[in-house]
Amino acid sequence: MRDVLDTIRQWRRQGKRMALATVVRAEGSAPRREGARMVVSEDGEMAGSVSGGCVEADVIYQAQEVLKSGQPRLLRYAITDDMVWEVGLACGGTIEVWVEPLPEASAEEEP
């Protein structure tokens, strides 16, 4: 979590817009537990992890869509019978990831 906070501070100093992805539910053999976080910049850079690599590419895409719309969204990843055509978790678990835009730095925050 510390690397995510440090990255948020750094990107705020650079004036980047960001979205925060947080695992809000994990069941079964999910790779990360509730509270795991990843921050995504408007440029597609990321820090942290919500799945250890299984679905990060899709979360980055979804985070950029959240930044465009300004609307948060809840994402659900699990194993399905159609896994060949879908993004999901090969480990057999299920995770739900809440993606929200981070507010820009306030005037009181350090640059």
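The values are calculated or read from the model by the stated rules, or taken from the named source; none is laboratory data. In this text the structure is predicted, and so the values were computed from the model without any measurement. Note that each Cβ is placed from the backbone with ideal geometry, even for glycine, and that neighbours are counted across all protein chains shown.
Kindly indicate the residue of the range 69-111 that is at pLDDT 95 or above and among the charged types (D, E, K, R) and also farthest from Gln10 (Cα to Cα) among those meeting that condition. Here the answer is Arg73. Only one residue in Arg2, Arg12, Arg37 is closer than 17 Å to Thr94 by Cα and charged (D, E, K, R). Which one? Just one listed residue meets the conditions, Arg37.
Here is a check on your reading of the model: is Val24 surrounded by fewer than 18 Cβ atoms within 10 Å (Cβ to Cβ), at pLDDT 90 or above, closer than 21 Å to Gly93 by Cβ and of a type in the set (A, V, I, L, M, F, W, C)? Answer is yes for this residue.
Residues in the range 24-49 that are of a type in the set (A, V, I, L, M, F, W, C) and either under 18 Å from Leu67 (Cα atoms) or in a helix (DSSP H, G or I) (or both): Met38, Val39, Val40, Met46, Ala47. Lys68 meets each of the listed conditions (1) among the charged types (D, E, K, R); (2) in a loop (DSSP other than H, G, I, E, B); (3) more than 11 Å from Val97 (Cα to Cα) apart from (2). For the range 6-26, residues that are of a type outside the set (D, E, K, R) and farther than 13 Å from Asp43 by Cα total 9.
On the given criteria, is Val55 surrounded by fewer than 16 Cβ atoms within 10 Å (Cβ to Cβ), at pLDDT below 95 and of a type in the set (Val, Ile, Thr)? So Val55 fails the test. Of all residues in the range 5-15, exactly one satisfies the criterion of being surrounded by 19 or more Cβ atoms within 10 Å (Cβ to Cβ) and either in a loop (DSSP other than H, G, I, E, B) or among the aliphatic types (A, V, I, L, M) (or both), namely Ile8.
Exactly one residue out of Tyr61, Tyr77 is hydroxyl-bearing (Ser, Thr, Tyr) and part of a helix (DSSP H, G or I), and it is Tyr61.
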